[in-house]
1. In chain A, which helices (entire DSSP H runs) extend 18 Å or more along their own long axis, judged by Cα positions, while averaging at least 0.5 on the Kyte-Doolittle scale?
2. Just need the Rg to Rh number for the stretch B:146-252, please, alpha carbons only, Kirkwood Rh.
3. Could you give the angle, 0 to 90 degrees to the nearest 10, between helix B:107-120's Cα long axis and the longest principal axis of the Cα atoms of chain B?
4. Report the normalised scattering of the protein assembly as shown as log10 I(q)/I(0) at q = 0.05, 0.08, 0.10, 0.12 Å⁻¹, calculated by the Debye formula with identical scatterers on the alpha carbons.
5. When N is the residue count of the stretch B:4-233, what does its C-alpha Rg come to as a fraction of 2.2 N^0.38 Å?
6. Here are some pairs, A:LYS121/B:LYS109; B:LYS243/B:LYS294; B:LYS69/B:LYS119; B:LYS42/B:LYS107; B:LYS5/B:LYS104; A:LYS194/B:LYS101; which of them have Cα atoms lying more than 27 Å apart in this structure?
7. Can you give the calculated 222 nm mean residue ellipticity of the protein assembly as shown, where each DSSP H run of n ≥ 4 adds -39,500 (n - 2.57) and the sum is split over every residue, rounded to the nearest 500 deg cm²/dmol?
8. How big is D, in µm² s⁻¹, for the stretch A:1-130 by Stokes-Einstein at 25 °C and 0.890 mPa s if Rh is the Kirkwood radius over C-alpha pairs?
Amino acid sequence: MQDSLKSTSYHRLEQKSKYTNIFLRWFLYFILILFASYFIFPLYVMIVTSLKTMEEIRQGTLLSWPSGLNLESWAVAWGGRGYGAGDTFLRPYFWNSIKMVVPAVFFSTFIGAMTGYVLTKWRFKGDQWVFLFLLFGCFIPFQAILLPMARTLGVLGISNSVVGLVLVHTVYGIPFTTLFFRNYYVSVPTELVKAARIDGAGFFKIFFKILLPISAPIIVVTIIWQFTQIWNDFLFGSTFSFGEAAPIQVALNNMVLSSTSVKEYNVDMASAIIAGIPTLIVYVLAGKYFIRGLTSGAVKG
Amino acid sequence: MKTLKIEELSKNFGSTEVLRKINLEIDEGNFLVLLGPSGCGKSTLLNIIAGLETINEGNVFIDDYNVSKVEPKDRNIAMVFQSYALYPSMNVRENMIFGLKQAKTSKEKIEEQLEKVSKFLQVDQLLERKPSQLSGGQRQRVAIGRALVREPRIFLFDEPLSNLDAKLRVEMRREIKKLHQQLKTTVVYVTHDQTEAMSLGTRIAIMNHGVIQQNDTPENIYNKPSNIFVADFIGSPSMNLIKGTLKESSGEILFTASGSNVEIPIKDYEFKDKSNLNNKEIYFGIRPEHIYFKKSNEIDFEINLRANLSEYIGHEQIITFDYANQEILAKFPSTIKIELAKETKLFFDITQISLFDAKTDERI
């Protein structure tokens, strides 16, 4: 008697928890879909608008589907309309940005790796102070250094040039890249360096042969971080360059804001997407290493 | 000629004194274990011998040659680390020959050494594997192999077994012992594990607070500890130390524990200095394994003590007795039945005792 009573009440409990679980699961999906659409919505609007003609934009709504695959606005954004003066398009500035971002990412990553290596594996008196001052660099608002930097670039004779922007971005990337590499190398046992020293390897050999080959995760993190920062930078670009030397974000701004006649939303949207594509590509290619690299230092002993 | 000689060596990290006037000598082929609690400076001393740390004062000689300012790679030493420190991006072969390549050794010589050592350590099947694909014991062997291919004058081991599980540790300990028996290379080995030190070393230097407390054979360290620190550090459970006074009467020396009136006659004890023993405050030291439950020797001292606590640990048991309000531990085979809360007849083996000055903590 007692036993059967118990088993029915357990059965009821089991049913109850089953329904609760189903409800919670659906609720979870609902929330997730809500947030996902919240983030996807702007991208959707950008893409459909870029594929519409101006006529469609004026008549349709923001969300309506384009009538066809109309790529003309993309061509205009990338290559212009072909009539001389006043025609701004992205192609030359896109290459400016590439010429700026590749060396700037390379140098800042390399110098950050080197500095992180020294700060963790070749400790010296006062090294924590050096690191602390480097960290200040992460917190200094970039606006504060615009004037001294402009002066420095002027003295060096590289103002309003891609080389000047490479220098600026390299210098202001070092605090971040150093922080990344330092935190990664802290978790690499110093005994590796000791073993290599006994084996007869020197400062550079230890760095290139032993530490660098195991730094792939943090290199990916640094490259993504630096690429995004430098590619998306507008402040330095607009301050230290103008005209032909400007990077893509400055050109995008000029295109969108300085149009004198009718606002061409489709071209604006296409330009904005073009300006954003390289960072997207970097994320898609290296994204899975990004999370892994960010956490690996903490998890690995 | 001494293979390794350390002379008046001192080392500070800022204002912390890590090593104080260390003097140490090792003859060719010896296995010296540096043993001590963590923070005693033993690893720093090893790093100094390797040349990985600078010296504040004093000198290090290898084969009578002052190497105090010589780079690690030119000291003719090899080191095995606690974390093995195998280069993660290289396979076993590259790991083992990295040092030889740095030293610009000829290709034939490298191959010859690699083959010899990898066969000897039975890692010749693993040469193409990465360290991450090896088990703990295999990593350990590769790390030793990397040291061996260099044919060093001195091997330095920095707690090489402490990352292994208990079973493997015992196995690897035997392998290291065999290795030393076969190669007869001089070894300096750092550990905090007394069993490891006792079983491996031909000499043990016990360190505490940057000072060598005793540098002796394992037998002497165990039987004749030179001060209370060593007596307490070696042995498990550690030596019972009973505070009391010595009395000299008509040629006989007697020990009385404070708070007790039992007089224990001290016979056949090798005093360092026989004078001024009367009324001396001392610690009477006897190891748990030298307290017996039956008489084994004519001069065994018979005493009745109350058993308070029994700890069963398989092949033996540790019983806690009360002696003049002090806990005395004794180790018996687990087959012996001892009743708690009752007086038990015990025998102190007087031939195995150690006496320490209560003021200086030194052996008398």
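Bear in mind these aren't lab numbers, they're just calculated from the coordinates by the rules spelled out. Computed from a prediction, not measured in an experiment: that's the story for all the values here. Note that we place each Cβ from the backbone using ideal geometry, even for glycine, and neighbour counts take in every protein chain shown.
1. Helices passing the filter in chain A: A:91-121, A:127-139, A:162-186, A:216-232, A:265-299.
2. Rounded to two decimals, Rg/Rh equals 1.10.
3. 30 degrees
4. With no solvent term, the Cα-only Debye profile gives -0.46, -0.86, -1.04, -1.22.
5. Its radius of gyration relative to the 2.2 N^0.38 Å reference: 1.02.
6. A:LYS121/B:LYS109; B:LYS69/B:LYS119; B:LYS42/B:LYS107; B:LYS5/B:LYS104
7. Result for the protein assembly as shown, helices only: -15000 deg cm²/dmol.
8. Once the numbers are plugged in, D ends up at 109 µm²/s.
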